[in-house]
Amino acid sequence: MARIPQQMIPVGIIGVLLLATFIIARQIFVPETFGELGHYRAAAIGEVAAQPAVYAGFAVCLECHEDVYLHKQTSSHTGLACETCHGPAAAHAQAPDEALPTVPRGREHCELCHSYNAARPSGFPQILADRHNPGDPCITCHDAHAPRMPIAEGDCGACHGEIAHQKAVSKHARLECTQCHVVPAEHFTNPRTVAAARPQARDVCGACHARGADSSREIPRIDLDTHGGRYNCWDCHYPHLPEA
């Protein structure tokens, strides 16, 4: 019979102690119902179900506020639950005159979603809070249940809303669309047939960003002959939201 190496004996003792520690710890610290219904504590289901409901759900709101709900369904807030802005409404549903829901009047609540954040999806309506009508409540200009951009008739943003939202929070916010795009007058009345022209050469960007360009503004400058080599500016920089 082979003899067990001397150095393996303490290793084996440590292994047995670790196994015993694990078994004892499992008995002491792991809840009894853990693992019965998956990798979590099954008793938590009953505990959560026993808690009083604080959210009512949009179907309950619909019983009294159908007109507001239908109005909201026509806007970009269609997928936003009522209680996202108005808070838990179960108490209000049970006693409408005693427990009133929250009605946001300031800017802070809207800014939770609409303050500029580069990580948000392209085209999502965002603002720079310190520049966008500072001090005025959002509801001064926007209907909270069906918010829309206040776009003038004939404005490019009427059809290109996502681009307009994106450009509005970029360094190109004050540039007119026609500064970079050639837009025939017929495009506004028959846009599918008469298209606006996109820039085809680097000179369009160079008009502002080339060294020696006729512009008094403090903006990034480049050597148009060498910067980027054979690539166009928009191969690296998105024109509606350019970043250095």
Name every residue in the stretch 166-193 that is among the aliphatic types (A, V, I, L, M), open to solvent by 40 Å² or more (accessible area, probe 1.4 Å) and within 31 Å of the chain's Cα centre (by Cα), in order of residue number. Ala168, Ala173
Verdict on Ala196 being out of contact with any His (no Cβ under 9 Å at 6 or more places or on another chain) and not polar (S, T, N, Q): no
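If you go through the stretch 75-84 one residue at a time, how many are part of a helix (DSSP H, G or I) and either open to solvent by 40 Å² or more (accessible area, probe 1.4 Å) or farther than 14 Å from Cys61 by Cα (or both)?
Our first condition is that a residue be part of a helix (DSSP H, G or I); within the stretch 75-84, this holds for 82-84.
Then keep just the ones that are either open to solvent by 40 Å² or more (accessible area, probe 1.4 Å) or farther than 14 Å from Cys61 by Cα (or both); that gives 84.
Here the count works out to 1.
Taking the stretch 1-55 only, how many residues are in a loop (DSSP other than H, G, I, E, B) and either among the polar types (S, T, N, Q) or surrounded by 10 or more Cβ atoms within 10 Å (Cβ to Cβ) (or both)?
Let us first name the residues in the stretch 1-55 that are in a loop (DSSP other than H, G, I, E, B), namely 1-7, 30-33, 35-40, 42, 51-55.
Filter once more, so that each one left must be either among the polar types (S, T, N, Q) or surrounded by 10 or more Cβ atoms within 10 Å (Cβ to Cβ) (or both): 6-7, 30-33, 35-37, 40, 42, 51, 53-55.
Qualifying residue count, the stretch 1-55: 15.
Table: residues versus (1) out of contact with any helix residue (DSSP H, G or I) (no Cβ under 7 Å at 6 or more places or on another chain); (2) within 28 Å of His160 (Cα to Cα); (3) surrounded by fewer than 16 Cβ atoms within 10 Å (Cβ to Cβ).
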position	(1), (2), (3)
Ala59	yes, no, yes
Val68	yes, yes, yes
Thr102	no, no, yes
Glu108	yes, yes, yes
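Can you pull out the residues in the stretch 156-186 that are more than 20 Å from Glu243 (Cβ to Cβ) and among the charged types (D, E, K, R)? Spell out the reasoning first.
Start the filter on the stretch 156-186 by keeping residues that are more than 20 Å from Glu243 (Cβ to Cβ), which leaves 156-161, 176, 178, 181-186.
Answer for the stretch 156-186, where residues must be more than 20 Å from Glu243 (Cβ to Cβ) and among the charged types (D, E, K, R): Glu176, Glu186.
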Taking Val103 as meeting all but one of (1) part of a loop (DSSP other than H, G, I, E, B); (2) at pLDDT 90 or above; (3) more than 18 Å from Asp143 (Cβ to Cβ), write down the number of the exception. (3)
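Just for the stretch 131-149: of the residues that are of a type in the set (Gly, Ala, Ser) and open to solvent by less than 60 Å² (accessible area, probe 1.4 Å), which one is farthest from His160 (Cα to Cα)?
Going through the stretch 131-149, the residues of a type in the set (Gly, Ala, Ser) turn out to be 135, 144, 146.
Next cut, open to solvent by less than 60 Å² (accessible area, probe 1.4 Å) only: 144, 146.
Values: Ala144: 22, Ala146: 19 Å.
Out of the qualifying residues, it is Ala144.
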Going through the stretch 200-223 one residue at a time, which ones are hydroxyl-bearing (Ser, Thr, Tyr) and within 20 Å of His181 (Cβ to Cβ)? Ser215
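What about Cys236, is it more than 30 Å from His71 (Cα to Cα), out of contact with any Phe, Trp or Tyr (no Cβ under 6 Å at 6 or more places or on another chain) and surrounded by 15 or more Cβ atoms within 10 Å (Cβ to Cβ)? If you could, list the steps in order and put the result at the bottom.
On the way: more than 30 Å from His71 (Cα to Cα): yes; out of contact with any Phe, Trp or Tyr (no Cβ under 6 Å at 6 or more places or on another chain): yes; surrounded by 15 or more Cβ atoms within 10 Å (Cβ to Cβ): no.
For Cys236, the condition - more than 30 Å from His71 (Cα to Cα), out of contact with any Phe, Trp or Tyr (no Cβ under 6 Å at 6 or more places or on another chain) and surrounded by 15 or more Cβ atoms within 10 Å (Cβ to Cβ) - is not met.
The values are calculated or read from the model by the stated rules, or taken from the named source; none is laboratory data. No experiment lies behind these values; they were computed from the predicted model shown. Methodologically, a virtual Cβ is constructed for each residue, glycine included, from the backbone with ideal geometry; neighbour enumeration extends over all protein chains shown. For the accessible areas, the whole protein counts, side chains as well, though only heavy atoms, and no ligand, DNA or RNA atoms are used. Shrake-Rupley method; radii C 1.70, N 1.55, O 1.52, S 1.80 Å.
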